1. With just the Cα atoms of the chain, tell me how far they stretch along each of the three principal axes, in Å, largest first.
2. Fewest Cβ neighbours within 10 Å first, please rank 246, 275 accordingly.
3. List residues of the range 84-120, by number, whose backbone nitrogen lies under 17 Å from a label position 7 Å along Cα→C-beta of residue 191.
4. Per the Kirkwood treatment, what hydrodynamic radius in Å, one decimal, follows for the range 101-196 from the mean inverse distance over all distinct Cα pairs?
5. Where is the GNM fluctuation largest for the chain (alpha-carbon springs, 10 angstrom cutoff): 283, 256, 109?
6. Is the range 1-135 best put as rounded, prolate or oblate by its Cα gyration tensor, with a ≥ b ≥ c the root eigenvalues, rounded for a/c under 1.5, and otherwise prolate when a/b is larger than b/c, oblate when not?
7. Ranked by Cβ crowding within 10 angstrom, fewest neighbours first, how are 55, 327 ordered?
8. Which aspartates and glutamates does residue 43 reach when only Cα atoms under 15 Å apart count, and residues fewer than 8 places away in its own chain are ignored?
Amino acid sequence: MSVRVVARIRPLLSKEMDKDIIVHAGSTDDGKPSTLVRIPSPKNEAEEFTFAFNSVYDMSTTQEELFTAEVAPHLKSLFQGLDVTIFAYGVTGTGKTHTMRGGLKLAERGVIPRLLSGVYRRAKKIAKDSNGETTVSVALSYYEIYNDKVFDLFEPPEIRTPSGLPLREAYGKTVVVGLSERPCEDLKDFERLYIEANNNRVTAATKLNAHSSRSHAILRVKVTQTTENQTLESIASAIDLAGSEDNRRTDNGKERLVESAAINKSLFVLSQCIDAISRGDRRIPFRESKMTRILSLGQNNGITIMILNLAPIRSYHLDTLSSLNVSSRAKRIEVREIENEIVYKQVPRTNTGSSSTSMIRQPLR
Ligand code: ADP
Ligand code: MG
């Protein structure tokens, strides 16, 4: 199991053009690719905090560049039978949905449509290269986790059971009982299913007088390769997480408190799992939340990529710092490349007691 944690700073939106940019990408040496995020201390803006990641993408990064660098290299592994899991983490308004789903224009398409497109391209090639002996089929499941309850996004919201779908353990894996799976022949098929399901998500949230930013949306792409006497199944999961901001700050309603507790708990467990995987721990606390349980995070032989989305402006300052603190723990992962395979080497933990943040204090020159 390997994990990469990368950060992406979004550009200013047109309504933000007069705002100061306070979040910057940086590198350890001039000319080296960015691996640092720099942000001023909220107490003393002359002081700067630095957070380290496997990679940092600045405002100018295109959808294609991000996909090519972080996702495309793992398509091969997916077809070799490894599971690939991609998370977008961050405060609401920082670009999670833009990163995962993206816009309708070709250049604006996000990780998910590009992933599917890559899967179909490779599937065609495999069928061709094997003279049709290997067939590849793709099936989708799409669900959301709201208040720690699982809802199928392929089902219209009217027929939802309020308690959500139950989980069950089967052969050491967690399955969502009753979750539907749709065969998906090609990109056209995908787009139709995906748009329909996203509409369901918005309708369901509206009915609850909630917002879709308060649920985790999980797309599961099952790739099955079949030959005469063998099948190989692997799963790519793409997750648009709930906003990591603390909703209690903005709204004190009872509903919001329940939501907030559920969101914070699952995001906390997720960060603990990422932390444990990056340390090479044998015990990953994936059972502590539904999301990490369903994904069997850390139990599969697979690849996990967490993309931390960041907004560059001051109005997000405190939330940005807290999301940086949660996700930059994986700084201790050192990446070494051998041929085409990426090997993640474990760097021993320095004895810094229980504070596991990787913040480096630096005076601003
Ligand atoms: P989130 O899903 O984290 O709440 P969104 O993806 O909805 O955030 O992004 C918030 C706004 O910023 C949207 O209008 C989106 O189009 C825009 N945006 C985010 N990232 C980018 C980017 N890299 N380039 C251009 N616009 C972006
Ligand atoms: Mg969103």
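All of the numbers you see were taken from the coordinates with simple rules; none came from a lab. Note that the structure is predicted; figures quoted are calculated from it, not measured. Neighbour counts run over all protein chains shown; Cβ positions are idealised from the backbone, glycine included.
1. Each principal axis gives a Cα extent; for the chain these are 65, 52, 42 Å.
2. Starting with the residue having the fewest Cβ neighbours, the order is 246, 275.
3. 101-120
4. One over the average 1/r among Cα pairs gives 15.6 Å for the range 101-196.
5. Its mean-square fluctuation being the largest, the pick is 283.
6. On the way: a/c = 2.98, a/b = 1.99, b/c = 1.49.
Judged from the Cα gyration tensor, the range 1-135 comes out prolate (a/c at least 1.5, a/b above b/c).
7. Values: 55 18, 327 29.
The fewest-first ordering by Cβ neighbours comes to 55, 327.
8. By straight Cα distance, residue 43 reaches 319.
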